[in-house]
């Protein structure tokens with residue numbers, strides 16, 4: 001069958017893309033509502049960060065098994081399942097009077113997003129002709145980038161004009177349209193396979209990620225040696241060791257730990273994760289900072305991150321061109337130095353005015369746009385082509401987990417500061433976070449200088 005970009009195919013791509021778009025949009029939109037949520041539900045900063053941390057964590061646990069699911073289950077059924085769970089989560093978010101139930105709704109949204117994230121790209125790869133593949137993949141990337149850019153603005157405007165629940169009401173309206181168009185347009189192209197799903201590997205890895213996160217986030221309330229902290233950390237490490245044991249010799253593992261023996265790959269992966277941790281931590285801090293420290297509006301908190309998101313997209317495009325011409329090292333080093341400079345200035349200039357936040361966020365995010373995608377590309381190039389799919393799965397899984405860890409880190413440090421410094425706890429906790437992130441990006445720079453190849457790969 002000759003591949004063509006038909007109106008029906010475009011509709012299928014946009015329908016699947018809407019699930020990814022709304023998942024990311026709601027994640028970034030709710031960030032600006034955190035000060036309001038803490039008041040509405042009478043919760044603390046370390047609790048409210050779970051509104052987004054939980055979503056990212058759930059996505060991280062779903063991604064490893066998504067490749068096997070799509071081989072066994074028809075694309076349309078996967079789409080309907082993802083959208084249905086997302087809708088159920090939205091309905092809970094809209095009506096819930098309790099914070100714990102809100103988290104249940106967000107978890108369901110995370111499962112739906114985790115199922116849906118690969119779908120758009122799977123449809124493009126299966127049905128788009130080769131000569132138009134790059135363009136359509138670019139459209140897919142643009143959809144997710146727009147969600148990141150417009151999420152805080154959307155959340156700020158909607159919350160100021162109506163209330164935070166309307167973020168989910170509007171999303172519900174859009175996802176129902178997506179469901180109807182997707183049912184009509186999504187087809188099954190690739191034949192299904194009876195692959196054996198690696199439940200043991202998946203569950204042990206998921207348990208490791210969840211337990212490690214639970215242990216880390218409880219440091220704000222409990223001592224390190226307590227059961228809620230050390231107990232969960234130990235369980236996480238044990239689960240991780242179980243995953244290593246059952247996956248190590250499996251040639252068809254969900255995620256092969258054998259790849260970590262490649263030092264260049266592993267070190268660039270760590271640098272990639274550090275960049276994600278820092279970015280999500282800042283994305284958590286600044287909307288709260290604008291409202292709690294600078295006494296700005298929710299709308300201002302949304303708009304303040306918008307220029308940085310735009311610069312990020314532009315620099316990512318420039319980084320791609322530099323990588324093609326000069327190799328990955330140049331955009332990575334330039335990007336890390338820009339982000340490092342921004343964090344140095346944050347530490348020196350804090351407390352920060354809203355204008356300073358805009359300028360420093362632009363500098364940081366521009367650097368992030370330069371280095372982030374290039375780190376992933378450079379890391380994957382160190383692997384054989386046969387291992388690219390495995391390497392990609394590792395990067396995608398740890399990207400989501402690192403994002404969750406970054407949000408949790410910022411929320412935990414601010415919560416500790418608020419508990420010990422009544423009145424200016426948010427500003428002090430933010431300064432602590434800036435210092436931690438500065439250390440991470442310094443290490444990031446060292447890793448880039450040592451392990452990113454100096455010569456362009458042929």
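Laboratory data are not the source of any read-out in this text; all were calculated from the coordinates shown. The shown structure was predicted, so the numbers you read here are calculated from the model rather than taken from an experiment. Here the Cβ positions follow ideal geometry from the backbone for every residue, glycine too, while neighbour counts run over all protein chains shown.
Results, tabulated for the structure shown:
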{"quantity": "Separation between Cα centres of the range 386-403 and the range 363-377, rounded to whole Å", "calculated": "17"}
{"quantity": "Sum of -39500 (n - 2.57) over DSSP H runs of 4+, divided by residues of the chain (222 nm, nearest 500)", "calculated": "-27500 deg cm²/dmol"}
{"quantity": "Two-decimal log10 I(q)/I(0) for the chain, as the Debye equation yields it once each C-alpha is a single scatterer, q = 0.08, 0.09, 0.11 Å⁻¹", "calculated": "-0.44, -0.57, -0.89"}
{"quantity": "Potential extension, residue 81-residue 10 segment - 0.36 nm per residue separation minus Cα distance", "calculated": "23.5 nm"}
{"quantity": "Relative compactness, the range 199-249, computed as alpha-carbon Rg over 2.2 N^0.38 Å", "calculated": "1.20"}
{"quantity": "Residue 130-residue 94 FRET efficiency (beta carbon distance; Förster radius 30 Å; 0.05 resolution)", "calculated": "0.10"}
{"quantity": "Order of 222, 272 under a 10 Å beta carbon neighbour criterion, fewest first", "calculated": "222, 272"}
{"quantity": "Euclidean distance between Cα centres, the range 1-63 to the range 284-346, Å", "calculated": "20"}
{"quantity": "Two-site label geometry, residue 224 and residue 386: point separation in nm, points 7 Å out along Cα→Cβ", "calculated": "4.3"}
{"quantity": "Span from the the range 157-180 Cα centroid across to the the range 211-255 one, whole angstrom", "calculated": "36"}
{"quantity": "Equivalent ellipsoid semi-axes - Cα gyration tensor, the range 164-292, angstrom", "calculated": "31, 29, 17"}
{"quantity": "Square roots of five times the Cα gyration tensor eigenvalues for the range 1-194, Å", "calculated": "32, 17, 14"}
{"quantity": "Cα coordinate range in the range 25-116, projected on the principal axes (Å, largest first)", "calculated": "45, 23, 20"}
{"quantity": "Volume in Å³ per residue [convex hull over Cα atoms, computed for the range 2-56]", "calculated": "84"}
{"quantity": "Residue order, fewest to most surrounding Cβ atoms within 10 angstrom, among 93, 40", "calculated": "40, 93"}
{"quantity": "Rough spin-label spacing in nm, given labels placed 7 Å along Cα→Cβ, for residue 344 and residue 193", "calculated": "4.9"}
{"quantity": "Compactness of the range 261-458 - radius of gyration and Dmax, Cα, Å", "calculated": "17.2, 57"}
{"quantity": "Exposure proxy ranking, count of Cβ atoms within 10 Å, fewest first, for 121, 199", "calculated": "199, 121"}
{"quantity": "Simple spin-label estimate for residue 72 and residue 263 in nanometres, 7 Å along Cα-Cβ", "calculated": "4.0"}
